[in-house]
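I have placed the structure first, in the form of structure tokens, so that the comments after it can refer back to it.
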Amino acid sequence: MITLKGAEVSEKIKEQVQDMLKELDGRVPRLAVVRVGERPDDLSYERGAMKKLAAFGLESRSCVFPADISNEEFQREFRKINEDPQITGILVLRPLPKQICGADIENMIAPDKDLDGISPVNIAKVFAGDASGFAPCTAEAVVETLKANDIGISGKRAVIVGRSMVVGKPLAMLLMKENATVTVCHTKTEDLPGTCRDGEILVAAAGRAKMLNRDHAGAGAVVIDVGINVDENGKLCGDVDFESIKEKAAMATPVPGGVGAVTTAVLAKHLAQAALRQKNSH
Ligand code: NDP
């Protein structure tokens, strides 16, 4: 089985970003990472994203607010970031604390700065197959991983495990746009192993440590593991039992070292795209 490494996909995306930067006449795009509180997951994602952006020649800054900030105060602060002409793109680390109305933020964020596709405008564009918006970075990272490895998508049976708005649903739309025949599984799916085995491309986005194994992988399948979990020994792992599928799958992404690295590269690409689109609209 071939291991599909995220770092190699990320390098290819870096080349695209560098080409885009040449068109910006020296103006360096800047990301604002909006974080409320100190959740370890958020901190780790923020560190990874900022490191990747710096490596791609892009700027970022974090805008951090206390975990108990009120909804009104947060909206006031968020509006300032949203309207700041020095900020090219925004990434809101989620989930936000309960007292903050996430839907209001989704509606407030300027669609042309919404790099992770949370605004209803960008979601509608993903569903309409309109590439002028921003898709959620992780969903797009799956498609980028397939394309960078020359894995044909058109006409293939793609099975996605997970139907969240962050990964499963937008990914179904992106794969359909690439002419895959898409099946989306969830907790009520009957015969999950059989349905998964039917996939020539199998994407795991359930958030359950090592839940997919050799029973779920079809012979020769390409398996993309989006999951980020911690196993019984406290080690990072995906939704796929990598060792178990080795005997069935043709290719698979590891965790860590797979889709995660591509997600931050896609974020960087979106930031460069946002800068170009903003430049061209002025
Ligand atoms: P959610 O918890 O929002 O959604 C999980 C989905 O998986 C739901 O649709 C759920 O079904 C389905 N599911 C859960 N358990 C099962 C099961 N036993 N059988 C079938 N379906 C199941 O998760 P997210 O989409 O936000 O994230 C998924 C994973 O991806 C997580 O591990 C997360 O950490 C990771 N992730 C990784 C990123 C990256 O950069 N690599 C970025 C974002 C997320 P139902 O709808 O019926 O409840």
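The values are calculated or read from the model by the stated rules, or taken from the named source; none is laboratory data. Since we're looking at a predicted model, the values are computed, not measured. As a convention, Cβ positions derive from the backbone with ideal geometry for all residues, glycine included, and neighbour counts pool all protein chains shown. Ligands, DNA and RNA are stripped out before the accessible areas are found, and what is left, the full protein with its side chains, is counted by its heavy atoms. Shrake-Rupley method; radii C 1.70, N 1.55, O 1.52, S 1.80 Å.
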Taking 7 Å along the Cα-to-C-beta vector as the label spot, tell me the K51-E73 distance in nanometres, rounded to one decimal.
3.2
Any chance you could look up the accessible area of D241 with a 1.4 Å probe, heavy atoms only, rounded to 10 Å²?
50
Determine the sum of side-chain charges near S244: Lys and Arg each +1, Asp and Glu each -1, restricted to other residues whose C-beta is under 11 angstrom from that of S244.
0
Trypsin sites (Lys or Arg not before Pro) in the range 220-282 lying in a DSSP loop, each with at most 11 other Cβ atoms within 10 Å of its Cβ, come to K235
FRET efficiency, K147 to A103 (Cβ-Cβ, R0 41 Å, nearest 0.05)
0.80
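Quote the FRET efficiency, to the nearest 0.05, computed for A7 versus D84 with a Förster distance R0 of 30 Å and r equal to the Cβ-Cβ distance. Present the calculation step by step, with values, prior to reporting the outcome.
Numbers: r = 33 Å, r/R0 = 1.09.
After rounding to 0.05, the efficiency reads 0.40.
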Taking Cα centroids, how far is the range 176-222 from the range 51-100 in Å?
34
Find how many whole Å separate the alpha carbon centroid of the range 1-50 from the alpha carbon centroid of the range 138-163.
20
So how strong a dipole does the chain carry about its Cα centre when Lys and Arg Cβ are +1 and Asp and Glu Cβ are -1, to the nearest 20 debye?
260
When the Karplus curve 6.51 cos²θ - 1.76 cosθ + 1.60 is applied with θ = phi - 60°, which whole-Hz ³J(HN,Hα) does each residue of the range 215-227 get, with x for Gly and Pro?
5, 9, 8, x, 4, x, 6, 9, 10, 10, 9, 8, x
Compare N233, N179, N213 in a GNM of the chain, Cα atoms joined below 10 Å, and give the one with the largest fluctuation.
N233
Point-to-point label distance, D198-L276, nm (Cα→Cβ direction, 7 Å offset)
3.9
Heavy atoms only, probe 1.4 Å: what % of the accessible area of the chain goes to carbon and sulfur, would you let me know?
51
Starting from the amide H of G199, placed 1.01 Å from N in the peptide plane, find each other amide H under 5 Å away whose residue is 5 or more places distant or on another chain.
G218
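Please list the helices of the chain that count as membrane-span-like by this rule: a mean Kyte-Doolittle hydropathy of at least 0.0 together with Cα atoms stretching 27 Å or more along the helix axis, each helix being a complete DSSP H run. Mind showing how you got there, number by number?
Values: long enough: 259-281 (32 Å, 0.27).
Within the chain the helices that satisfy the rule are 259-281.
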Residue among V226, G258, C137 farthest towards the positive dipole end of the range 137-259, charges placed on Cβ
C137
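List the pairs from K51/K269; K52/K235; K22/K169; K177/K279; K177/K248 whose alpha-carbon separation is above 26 Å, in the order I gave them. Could you put the intermediate results ahead of the total?
Values: K51/K269 14 Å; K52/K235 23 Å; K22/K169 34 Å; K177/K279 28 Å; K177/K248 28 Å.
Flagged as over cut-off: K22/K169; K177/K279; K177/K248.
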Residues whose built amide H sits under 5 Å from the amide H of V182, excluding neighbours closer than 5 in sequence, are A158
Just to confirm, what accessible area per residue do you get for the chain at 1.4 Å probe, in whole Å²?
46
